[in-house]
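Working notes, structure below.
The values are calculated or read from the model by the stated rules, or taken from the named source; none is laboratory data. Since the model is a prediction, treat every value here as computed from it, not as a measurement. Positions of Cβ are generated from backbone atoms using ideal geometry, with glycine treated the same way; all protein chains shown enter the neighbour counts.
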Amino acid sequence: MTDERQRLEELRRLIRYHDYRYYVLNSPEISDAAYDALFRELQAIEARHPEWITPDSPTQRVSGEPQAGFRRVRHPRPILSLASVTSDEEVWAWLDRARRLAPKGARFDFVVEPKIDGLRVVLTYLDGQLRVGATRGDGEVGEDITANLRTVRDVPLSIPLRKDDPSVPPVPRRLVVSGEAYLPVSRFAALNAELEKSGERPFANPRNAAAGSLRQLDPRVTAARPIRLFTYAIVDGDGVPTQWEVLHRLRQWGFPTTPDARHFDRLEDALAYVHEWMARRSELDYEADGMVIKINDLALQEALGVAGRDPRGAVAFKFEPREAVTRLREVEIQVGSMGTLTPVAVLDPVHIGGVRVEHATLHNFQDVARKDIRLGDMVVVRRAGDVIPYVVGPVTSLRTGEERPIEAPKECPVCGGPVIQRPDEVAVYCVNVSCPAIFVRRLEVFASRGAMDIEGLGSRVAHQLVDSGLVRDLSDLYYLREEDLLRLEGFARKRAENLLNAVEASKERPLWRVLVGLGIRHVGQAAAQALEQHYGSIDAIMRARQEELQAIEGIGPTIARSVVEFFANPANRRVVERMRAAGVRMEPERRAGEGRRPLEGLTFVITGTLPGMSREEATAYIEAHGGRVTDAVSRNTDFLVVGEAPGGTKMRRAQELGTPVIDEARLREMVEQQAR
Ligand code: IVH
């Protein structure tokens, strides 16, 4: 073998290994950039030697040509469904029945897994090579979506035959594995935003997104979608005796499995686990519509047989649905603190996931038009986790003909001012700077718990303060006098005092809360905290330039631009100055229990090998004392920490910028001297 050929094999092995670390073990060893470098190197060799390309090469996931249709494939065994239940009693009844039907002396233990709401897929491997990937279809015959499934990076193209590792059992000649392909919840919104941007129809939920992405004829489209996979069954292969071992075996062979499966000896404990997830389902990065309780002993499952389409050996405990259908009565328009006009649906009240829902967002008027939602429609309303309930779309089959179109307003419903649409944005805005609705909302946001946390300043009081003319900009709050407040309806001495005390107390709020409260577009808590951490003072933030801001982790160009625009406005700077003059402190937060943080506000870059600590240790050390560590030397770098064999670029850049260069000993001194 030539060197190049050897390198090719080596690269494929490395890439498969790192895929396994990333997708199966969830613990990558190398950076994305390093992975990409390996990948590109492999691509380059294959470009020089097309004759060496094999179908299981990591570069061969996207096959290219759109297909005319899907071939049908018969599954080796029926792919079954699951009976579902919604209460503990039903689960106990299920177990009772299973006990009665079970052979004498059968032992019952259980595996509980999330029931992933995705697309069921069936993967067939021959001699360790992926041959067919299919949908479940009707359970007997599915659609051949191999070309699409090959693009899913979680799906092993070949099973790493780790002959070197005796603890990994051999892969059977023919292996059929089944699982669920899904779209992570965290990627769903971004995918929809992209689709909308390019004028395509967004998906109603992550399940449809996964199914739609996999059941489509051009694999290149699938390749661009962040589809993931969890496997949970060996349909055909070795006789692995228990479900728990199936999961283990699948992992050993390189298939991803959910980290949230557990084994229990007693049904009580299994049920407790089900309930735990019921309460925490919104933490999962995949949609789960329930938990599956499986009898662990697969021979016993088999012996229990099926009832209709449902195996008796497992049962799905369904979570409460997140959707309901109800009538859309009216559309109200809400004016946000940034002037956004949002259509809000007024609904016939329904219960979704145990909560009464009467209002749901319609997102924006473009969305309403695209989905053709009309007044009087029966609509699907969805409430998932912590998100605000929203209208998914109309049920057009239930239309009576009486429904009326919903039109976008031409003027602000509050101030009557003109409404504009910004390029690149779907929302319509009221741009009247003195629109009372906008300012009232700003005041509410300023006083809210997520910002300055001023007790007693809710929506009603905000309206009163604005309507009476007492508060015209946010800083006016800090110049309120008791006699002013006494003029307002419902304000006696005690209430006025309480409000003034609450306003007074808010002067001590940390800087990030002030930043959130100011209402800078796109600056929420995370961005505000990043700004506070990085700059430590409002003056530094007001001075910062856009390039500088967007170099900060967590601050993208949109936020950076918005911050610069905000402080470029003299009226906004004046508000800050008046607040400061009134005694608002705007200092960085000191977290409770933390002692002095001697490196607070300082940014370090490390280069070379330090004598007494590894790169990770040094980073942890700096961060533990309040400092920040970044990768590249910039104007924001306070110190370059240098060890042996430092990087030339960093040294040169530090010299250019005059960044102080220190060694490890000096770093330790800085901490120790100031900590005293
Ligand atoms: S077991 C006999 N386990 O739910 C085995 N199914 O309603 C039957 N599903 O068709 C399937 N997560 O598409 C099983 N951890 C899980 C699952 C799961 C999701 C889906 C699957 C199945 C449907 C049954």
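Does ALA102 fit the bill of being away from the ligand (no atom under 16 Å from the Cβ) and not charged (D, E, K, R)? Explain how you work it out, then say what you get.
On the way: away from the ligand (no atom under 16 Å from the Cβ): yes; not charged (D, E, K, R): yes.
Taking the combined requirement at face value, the residue satisfies it.
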Flagged in region 251-270 as part of a strand (DSSP E or B) and more than 13 Å from the ligand (Cβ to nearest atom), in numbering order, are HIS263, PHE264
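If you take just the helices (runs of 4 or more DSSP H) that sit entirely in region 600-676, which of them hold at least 3 residues that are under 33 Å from the mean Cα position of the chain (by Cα), over 22 Å from PRO588 (Cβ atoms) and among the charged types (D, E, K, R)? Steps first, please.
On the way: elements: 615-624, 648-657, 664-675.
Where helices (runs of 4 or more DSSP H) fall fully within region 600-676 and carry at least 3 residues being under 33 Å from the mean Cα position of the chain (by Cα), over 22 Å from PRO588 (Cβ atoms) and among the charged types (D, E, K, R), they are 615-624.
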Hey, does region 114-131 have a residue that's away from the ligand (no atom under 16 Å from the Cβ), within 30 Å of TRP277 (Cβ to Cβ) and assigned to a loop (DSSP other than H, G, I, E, B)? no
Any hit, region 345-360, residues being in contact (Cβ under 8 Å) with a residue 60 or more places away in the chain, more than 16 Å from ARG327 (Cβ to Cβ) and not in a strand (DSSP E or B): no
Filter region 473-489 down to the residues that are within 44 Å of the chain's Cα centre (by Cα) and assigned to a loop (DSSP other than H, G, I, E, B) and list them by number. ASP473, LEU480
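For the condition loosely packed, with under 12 Cβ neighbours inside 10 Å and out of contact with any Pro (no Cβ under 8 Å at 6 or more places or on another chain), what is the one hit in GLU41, GLU51?
Working: GLU41 fails: loosely packed, with under 12 Cβ neighbours inside 10 Å.
Matching residue, one of GLU41, GLU51: GLU51.
Is it fair to say VAL112 is farther than 23 Å from ARG21 by Cα, crowded, with 19+ Cβ neighbours inside 10 Å and either of a type in the set (A, V, I, L, M) or out of contact with any Leu (no Cβ under 9 Å at 6 or more places or on another chain) (or both)? Even if it seems obvious, please write down each step before you answer.
On the way: farther than 23 Å from ARG21 by Cα: yes; crowded, with 19+ Cβ neighbours inside 10 Å: yes; either of a type in the set (A, V, I, L, M) or out of contact with any Leu (no Cβ under 9 Å at 6 or more places or on another chain) (or both): yes.
For VAL112, the condition - farther than 23 Å from ARG21 by Cα, crowded, with 19+ Cβ neighbours inside 10 Å and either of a type in the set (A, V, I, L, M) or out of contact with any Leu (no Cβ under 9 Å at 6 or more places or on another chain) (or both) - is met.
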Collect the residues in region 288-306 that are within 9 Å of the ligand (Cβ to nearest atom) and buried (at least 21 other Cβ atoms within 10 Å of the Cβ), keeping them in residue-number order. ALA288, GLY290, MET291, VAL292, LYS294
Yes/no for ASP377 being more than 16 Å from the ligand (Cβ to nearest atom), under 30 Å from HIS522 (Cβ atoms), among the acidic types (Asp, Glu) and surrounded by 15 or more Cβ atoms within 10 Å (Cβ to Cβ): no
What's the total number of residues in region 76-96 that are of a type outside the set (Phe, Trp, Tyr), within 20 Å of GLN243 (Cα to Cα) and out of contact with any Gly (no Cβ under 8 Å at 6 or more places or on another chain)? 6
Anything in region 83-113 that is touching a residue at least 60 places away in the same chain (Cβ under 8 Å), in a loop (DSSP other than H, G, I, E, B) and over 29 Å from the mean Cα position of the chain (by Cα)? List them, or say none. ALA102, PRO103, ALA106, ARG107, PHE108, ASP109
Checking the condition among the basic types (Lys, Arg) and buried (at least 18 other Cβ atoms within 10 Å of the Cβ), which residue from ARG521, ARG513, ARG573 passes? ARG513
Could you tell me whether region 236-250 includes any residue that is at pLDDT 95 or above, within 16 Å of the ligand (Cβ to nearest atom), small (Gly, Ala, Ser) and under 25 Å from PRO166 (Cα atoms)? no
Given the conditions (1) polar (S, T, N, Q); (2) surrounded by fewer than 14 Cβ atoms within 10 Å (Cβ to Cβ); (3) touching a helix residue (DSSP H, G or I) at 6+ places or on another chain (Cβ under 9 Å), report the number of the one that GLN6 does not fulfil. (3)
Of a type in the set (Gly, Ala, Ser), in contact (Cβ under 8 Å) with a residue 12 or more places away in the chain, surrounded by 20 or more Cβ atoms within 10 Å (Cβ to Cβ) and within 30 Å of GLY376 (Cα to Cα): does that describe ALA437? yes
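Take ARG422 and decide whether it is of a type in the set (Lys, Arg) and either surrounded by 15 or more Cβ atoms within 10 Å (Cβ to Cβ) or in contact with a Leu (Cβ under 7 Å, 6 or more places away or on another chain) (or both).
Numbers: of a type in the set (Lys, Arg): yes; either surrounded by 15 or more Cβ atoms within 10 Å (Cβ to Cβ) or in contact with a Leu (Cβ under 7 Å, 6 or more places away or on another chain) (or both): no.
No; evaluated as a whole, the condition is false for this residue.
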Of everything in region 307-331, what is small (Gly, Ala, Ser), in a strand (DSSP E or B), within 16 Å of the ligand (Cβ to nearest atom) and surrounded by 15 or more Cβ atoms within 10 Å (Cβ to Cβ)? Give them in sequence order. ALA314, ALA316
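Picking from ALA233, ALA181, which residue would you name as being out of contact with any Phe, Trp or Tyr (no Cβ under 6 Å at 6 or more places or on another chain), closer than 17 Å to LYS294 by Cβ and modelled with pLDDT of 95 or more?
After applying the criteria, what remains is ALA233.
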Does PRO172 fit the bill of being more than 16 Å from the ligand (Cβ to nearest atom), assigned to a loop (DSSP other than H, G, I, E, B) and over 31 Å from the mean Cα position of the chain (by Cα)? yes
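Residue-wise test of (1) closer than 22 Å to TYR23 by Cα; (2) away from the ligand (no atom under 16 Å from the Cβ); (3) over 30 Å from the mean Cα position of the chain (by Cα).
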| position | (1), (2), (3) |
| --- | --- |
| LEU149 | yes, no, no |
| VAL176 | yes, no, yes |
| GLY179 | yes, no, no |
| PHE188 | yes, yes, no |
| GLU200 | no, yes, no |
| PRO206 | yes, no, no |
TYR273, sole failed condition from (1) within 12 Å of the ligand (Cβ to nearest atom); (2) of a type in the set (Phe, Trp, Tyr); (3) outside any loop (DSSP other than H, G, I, E, B): (1)
Odd one out for ARG74, checked against (1) in contact (Cβ under 8 Å) with a residue 12 or more places away in the chain; (2) more than 16 Å from the ligand (Cβ to nearest atom); (3) more than 19 Å from SER178 (Cα to Cα); (4) not aromatic (Phe, Trp, Tyr): (3)
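From the list GLY643, GLY612, GLY658, pick out the single residue that is at pLDDT below 90 and surrounded by 16 or more Cβ atoms within 10 Å (Cβ to Cβ).
Values: GLY612 fails: surrounded by 16 or more Cβ atoms within 10 Å (Cβ to Cβ); GLY658 fails: surrounded by 16 or more Cβ atoms within 10 Å (Cβ to Cβ).
Exactly one of GLY643, GLY612, GLY658 is at pLDDT below 90 and surrounded by 16 or more Cβ atoms within 10 Å (Cβ to Cβ), namely GLY643.
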